[in-house]
1. Could you check, for region 424-437, whether at least one of its residues is part of a helix (DSSP H, G or I), touching a helix residue (DSSP H, G or I) at 6+ places or on another chain (Cβ under 8 Å) and over 21 Å from Phe316 (Cα atoms)?
2. If you go through region 451-465 one residue at a time, do you hit one that is under 18 Å from the mean Cα position of the chain (by Cα), more than 12 Å from Leu480 (Cα to Cα), at pLDDT 95 or above and not hydrophobic (A, V, I, L, M, F, W, C)?
3. I need a count of the residues in region 369-419 that are out of contact with any Pro (no Cβ under 7 Å at 6 or more places or on another chain) and outside any helix (DSSP H, G or I).
4. Any residue at all in region 365-373 that is touching a residue at least 12 places away in the same chain (Cβ under 8 Å), out of contact with any helix residue (DSSP H, G or I) (no Cβ under 8 Å at 6 or more places or on another chain), over 20 Å from Val303 (Cα atoms) and not aliphatic (A, V, I, L, M)?
5. Does Asp208 satisfy the criteria of being acidic (Asp, Glu) and either more than 22 Å from Met94 (Cβ to Cβ) or touching a residue at least 60 places away in the same chain (Cβ under 8 Å) (or both)?
6. Residue under question is Thr215, and the condition is that it be of a type in the set (Ser, Thr, Tyr), open to solvent by 10 Å² or more (accessible area, probe 1.4 Å) and in contact (Cβ under 8 Å) with a residue 40 or more places away in the chain; does it hold?
7. Residue check: is Arg392 basic (Lys, Arg), open to solvent by 50 Å² or more (accessible area, probe 1.4 Å) and under 23 Å from the mean Cα position of the chain (by Cα)?
8. Taking the condition of being open to solvent by 10 Å² or more (accessible area, probe 1.4 Å) and either within 13 Å of Pro191 (Cα to Cα) or touching a helix residue (DSSP H, G or I) at 6+ places or on another chain (Cβ under 8 Å) (or both), how many residues in region 96-112 meet it?
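The values are calculated or read from the model by the stated rules, or taken from the named source; none is laboratory data. Just so it is clear, the model here is predicted, and its values are computed rather than measured. As a convention, Cβ positions derive from the backbone with ideal geometry for all residues, glycine included, and neighbour counts pool all protein chains shown. Side chains are part of the model used for accessible areas, which takes the heavy atoms of the whole protein and leaves out ligands, DNA and RNA. Shrake-Rupley method; radii C 1.70, N 1.55, O 1.52, S 1.80 Å.
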Amino acid sequence: MPPGAGGKTHGEERANPRARGRPGAAPGASLGDTVVVTDTTPHARPAPAAAAGTPRTRTGTARPPAGRRYRRAVAVLTLVVAAWTVVWAVVTPMFRSPDEQNHVNSVLRIAYGGGWPPPGDAYFSPAVVDAVDEAGYPADLPGRWRHREDVRQFVDVVPVPREDRTSVDAGNAVGDASSGTDVDQMTQHPPLYYALGAGVLHATGLTDARWDQVTLALRLLDALLLALVVPLAAESARRATGSPSAGLVAAAFPLVLPQLGHVMGAVNNDALVVLACAAATYLAVRVVTGDLRWRVAVAIGVVLGLGMLTKVMLAFAVPMVVAAYALARGQRWPGRLGRLAVAGGVTLAVGGWWWLRNVVTLGAVQPVGRPRDLGILATVPDADVPSIIAGRLAQSFFGNLSWLEVHLAGAWVVWGTVALAAAALVAVVLPGTRRSAVVVLLTPAALALGVAYNAWDFHTETGRLVAIQGRYVFGGVAALATAVAITAWQLARRSDRRLARGVPVAVTLALAAAVGGLLWAFGAFYRGPGEAFGDAVDRWLAWSPLPVPALVALLAAAAAVLLAGLVTGLVWPRRLAASSTDPAPGTPSPAVPGAPKDAR
């Protein structure tokens, strides 16, 4: 029954149990400067104030009820994303993702007690130097965007047998100035991700394993971190719209980005950044939809602070948090500013101090870990800078594998960019969830603008362009997933039941993109000119850190999980129809009505 038609909205009694039988207390009552919003409508309008002296009650909107069917569906899609990323982890050749050897080297340094030297004073270990050589790097992959006759080809490199590959030990795990090795610039970042990786190696007993086993273990850690993003994205979308079906659309979104699977299936500190930004996105959506409890402010500070102990990229999520409190309803300005101040203070105490320390002691927010060799970079005319930045950023967001030399077809990049831009526009223009859409989209927008500004500034000083990588925007993946889900909900005329009929299409397309991206990457990595698919498989098996039976079992398990995800998407409309909490056909759902005009 719709709100105002004589029945209770979903979760009404849970949100304000004291209201029953108490004179003068109504759902959605404003008690002092605290508003209790019990309607599940996004950005529901607060009701008039209750009588003075009424006891204060918990702030925040009541979350739309999450049924068991929805939770199981999200769990399955979480496993799907995890399985997809694990396959990327075993398909991608070792050290064929940006800076992977640096990240592995820094994990080993902490694992073996080498600490975190100042920027410029950390060196590659002998073990990693040997590993890079045994991995056949550098050599051009067969899918490189332009073939080079005078460069060693990966398909011509003979793989080192697994049993002959270098193992890590105390004698080769840490490099220093006397090692004769290059500088590892990763100590320009804080050490949290690397400490986590070292902990994984110790917990699994792999600190003295072969280098390829060490690398695979760390890749699987990143796959786990990406999988944890899925429920956060789903809940962000469901909270913003009140639609469980929108949550499933958001959960499937990561599968459409081949570059995301490639980078998160490698060893990279961006994995922890993506997770921290996803958690911040979810909490910001809670705030803008009315959850102004103090503990949410503290949680935001903890999440941002931990993220800032990983990489400076979390600073680009701060505008999202500020906007969430600015646009939230349910508190007067002093209350909102107080919560924002708490979030900021906790952020500074947990991790922001690292960057302030850099400014005080090193004179820069992020110091240079290793000076760039400008001689190997081509100069770029001023007139070409905007188009090159935009093109490279889009290309490397959707598909620039390895060290950015394997390019996804330009048509896919263009259509993908247009689709995301259109979804963002719809999400912020159509009424109903504008506030949530504006808030979440600030993070990917800030990240993209930050990358563009950094490249432009470097060009102004040197005439060259660097550091234009789409992976730096992956912190906005949960936000983009939420925006896409909001748009789908809007196109379904804000009806969860209508959107449920589109979930099978969304999940099927996402799975098709996931499998298609893997097949494209596999050929680009291993299939030489004129070779059969079986030749590529043989080459992959020879390079893999896993024996053939383990690979077969892993691929079979991944296929079963992806099939389960397909079935989950296909049966979702019937499961929703069978739900006892969903309104009958033709009855407006109390969880997803349009927002009042003042919230649009």
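1. Among the residues of region 424-437, at least one is part of a helix (DSSP H, G or I), touching a helix residue (DSSP H, G or I) at 6+ places or on another chain (Cβ under 8 Å) and over 21 Å from Phe316 (Cα atoms), which makes the answer yes.
2. Taking every residue of region 451-465 in turn, none turns out to be under 18 Å from the mean Cα position of the chain (by Cα), more than 12 Å from Leu480 (Cα to Cα), at pLDDT 95 or above and not hydrophobic (A, V, I, L, M, F, W, C).
3. Residues in region 369-419 being out of contact with any Pro (no Cβ under 7 Å at 6 or more places or on another chain) and outside any helix (DSSP H, G or I): 14 in total.
4. yes
5. no
6. In short, no.
7. yes
8. 4
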